[in-house]
Amino acid sequence: MATTKSGLTIDTIDFEDDGVRQTLAQEHTWLVRFTHWLNAISLVVMTMSGLQIYMAFPSFGAKIPQENFVQIPEAMRLGGWLGGALQWHLTFAWIFTLTGVAYVLYLMVSGKWRKVILRPQEFSGVWPMVRHYFLFKPKPDQLEPYNPLQKLAYTSTIIFGVVAVVTGLLLFQPTQFALPVKLLGGFAMIRVYHFAAMVGFLSFIPGHLLMVALHGWSNFYSMLTGWKREPEYLVKD
Amino acid sequence: MNDKSQKPARPERELKSMTRRELLKLTPVLVVGALTLPAFNEGLLKTGLSWTDRAAQSFFNPGRLAQTFNEHELTPIEQFPINSYSDYNPENDLESWSLIVEGMVERPGQYTLDQIKSLPKQTQNVKHICIEGWDVIGNFAGARLSDFLQMVGADPAARFVEVACLDDYYSSYDIESCLHPQTLLCWEMYGQPLTSEHGAPLRLHMPTKLGYKSAKYIYSIKVSNVLGKEKGFWEDQGYSWYGGI
């Protein structure tokens, strides 16, 4: 057990390396790694099959007259046709939802949400990180596994996930859930929100992958094995 | 303290090989996953779709009505989309048309449009939602399918209804959805007899299901307990059989 500079506790293993004491910190438990990768696969399937479904009616307006909003290249689609894409979409919707619910419940029960969720008192830490990444200013101290900008990104994905699942359920059962459909502006509007959730995810993924690549493979390893060696955010005793 | 910290110290080389081993452990999983997916996905998707159908079935409530709308909310009939899978024109068949009823019914046989029209007429402004992703509000009138099933003496133990259409379209339904009070044997839209584009002389309309379940040009109804291999024109190609919304 060790403490981060911000005061969170983290499981660690200590070992000697040529006489130097080293610490391995457990960043991700098996549940987080399992749901992360399964969710990542289902996110790809959901996006590509969703785009194929969208091509059956690529508009957010009226059917007559129909004004197409955007054409999706075939390479970005999955399922071949509307029926095939719906099978992928309605199958992986279960995996996407179940892994998402398991992950969020785990965060809440284990208290590890403090590591991931951006709290109001941390908002002020977002801008210095933006300045560091985009304006090449000095890097603020890393106080815990995720910096405030990362926490903002991860918190947003949870929100995108909730929006995607709730609007997806409404699109699946618009007659049974007629009241929420009406309150949210109707079936066509809910398609807009559902699409917007996907755009949110799509805007997260490139930044996420770029950061993993820029920060070396230790982050990637830790999402596979769970552990990171000598993280900078631990308090040295 | 974590009990793993009691373990003897390990040199860095061992640590590196451990993470590599962890990586290697994943490789077979990924490879097997990638290899089996194409062979395995058909079963996976079938299971997924049947879970989804079951979920839709559990959301369905026989007593819950689909939302109805005012006249001024109707989509004008010119803007009511016509999705037919063929250019079938029923005019030649209209004269001799009658509805064939067979299967688990007390009074099988042929029923004329006038016999069907003798049932109480119900008019409703309801949504028509297409699997493609658009929705409109239409005006439909006809007899409740439940009244008709009662007229022909359908067996209360029956589980399914199958319909066949003049344009060779076909579909099948769970009996609960057929008995829903808004499921119509529809002969009028927007106060006019059905036009050929909309399925003259008789179509189904089910606001609790996606549009492809509202079959046009129907000429035969079979009440049954077991579904045959052919469950529906689109359903046999991969659409959800239940189609409940």
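The values are calculated or read from the model by the stated rules, or taken from the named source; none is laboratory data. Since we're looking at a predicted model, the values are computed, not measured. Counting neighbours? That spans all protein chains shown, and the Cβs are built from the backbone with ideal geometry, glycine included.
Selection within segment A:9-57: residues that are outside any helix (DSSP H, G or I), in contact (Cβ under 8 Å) with a residue 24 or more places away in the chain and in contact with a Lys or Arg (Cβ under 6 Å, 6 or more places away or on another chain). The member of this set that is farthest from residue A:220 (Cα to Cα) is A:13. Residues of segment A:114-143 that are within 15 Å of residue A:4 (Cα to Cα) and within 19 Å of the chain's Cα centre (by Cα): A:114, A:115, A:116. The residues of segment B:226-243 that are loosely packed, with under 13 Cβ neighbours inside 10 Å and either within 11 Å of chain A (Cβ to nearest Cβ) or without any contact (Cβ under 8 Å) to a residue 40 or more places away in the chain (or both), listed by number, are B:229, B:237. If the condition is being among the aromatic types (Phe, Trp, Tyr) and more than 8 Å from every other protein chain (Cβ to nearest Cβ), then segment A:46-80 contributes A:60, A:69.
Answer yes or no: is there a residue in segment B:206-213 that is β-branched (Val, Ile, Thr), under 27 Å from residue A:172 (Cα atoms) and surrounded by 18 or more Cβ atoms within 10 Å (Cβ to Cβ). Please lay out each step first, then the result.
In the first step, residues of segment B:206-213 are kept if they are β-branched (Val, Ile, Thr); the result is B:208.
Now restrict to residues that are under 27 Å from residue A:172 (Cα atoms): B:208.
Now drop any that are not surrounded by 18 or more Cβ atoms within 10 Å (Cβ to Cβ), which leaves B:208.
Yes: one or more hits.
Are any residues in segment B:177-214 among the aliphatic types (A, V, I, L, M), within 20 Å of the chain's Cα centre (by Cα) and over 22 Å from residue B:240 (Cβ atoms), and if so, which ones? Answer for segment B:177-214, where residues must be among the aliphatic types (A, V, I, L, M), within 20 Å of the chain's Cα centre (by Cα) and over 22 Å from residue B:240 (Cβ atoms): B:185, B:202.
Check segment A:62-75 and report whether any residue there is in contact (Cβ under 8 Å) with a residue 24 or more places away in the chain and surrounded by fewer than 19 Cβ atoms within 10 Å (Cβ to Cβ). First the steps, then the outcome.
Within segment A:62-75, the first condition is being in contact (Cβ under 8 Å) with a residue 24 or more places away in the chain, and the residues that meet it are none.
No.
Taking residues in segment A:104-130 that are at pLDDT 95 or above, and partners anywhere that are among the small types (Gly, Ala, Ser), the pairs with Cβ atoms closer than 9 Å and at least 6 places apart or on different chains are A:104/A:161; A:118/A:125; A:118/A:153; A:118/A:156.
Among the strands (runs of 3 or more DSSP E) confined wholly to segment B:73-142, which include 3 or more residues that are assigned by TED's automatic domain parsing to the domain that holds residue B:224 and closer than 25 Å to residue B:239 by Cα?
Numbers: elements: B:99-103, B:109-111, B:121-129.
Because the criterion is at least 3 residues that are assigned by TED's automatic domain parsing to the domain that holds residue B:224 and closer than 25 Å to residue B:239 by Cα, the strands (runs of 3 or more DSSP E) in segment B:73-142 that meet it are B:121-129.
Condition check: part of a strand (DSSP E or B) and over 21 Å from residue B:119 (Cβ atoms). Does residue B:223 satisfy that? For residue B:223, the condition - part of a strand (DSSP E or B) and over 21 Å from residue B:119 (Cβ atoms) - is not met.
Scanning segment A:93-117 for residues that are of a type in the set (Phe, Trp, Tyr) and surrounded by 17 or more Cβ atoms within 10 Å (Cβ to Cβ) yields A:96, A:103.
Selection within segment B:50-68: residues that are within 11 Å of chain A (Cβ to nearest Cβ) and more than 25 Å from residue A:86 (Cα to Cα). The member of this set that is farthest from the chain's Cα centre (by Cα) is B:68. I'd like to check something: does segment A:116-132 contain any residue that is in a helix (DSSP H, G or I), within 22 Å of residue A:43 (Cα to Cα) and of a type in the set (S, T, N, Q)? Within segment A:116-132, not a single residue is in a helix (DSSP H, G or I), within 22 Å of residue A:43 (Cα to Cα) and of a type in the set (S, T, N, Q). Within segment A:207-216, is even one residue within 30 Å of residue B:64 (Cβ to Cβ) and more than 14 Å from chain B (Cβ to nearest Cβ)? No, that holds for no residue. Annotation: residue A:179 fulfils all but one of (1) over 25 Å from residue A:69 (Cα atoms); (2) surrounded by 14 or more Cβ atoms within 10 Å (Cβ to Cβ); the unmet one is (2).
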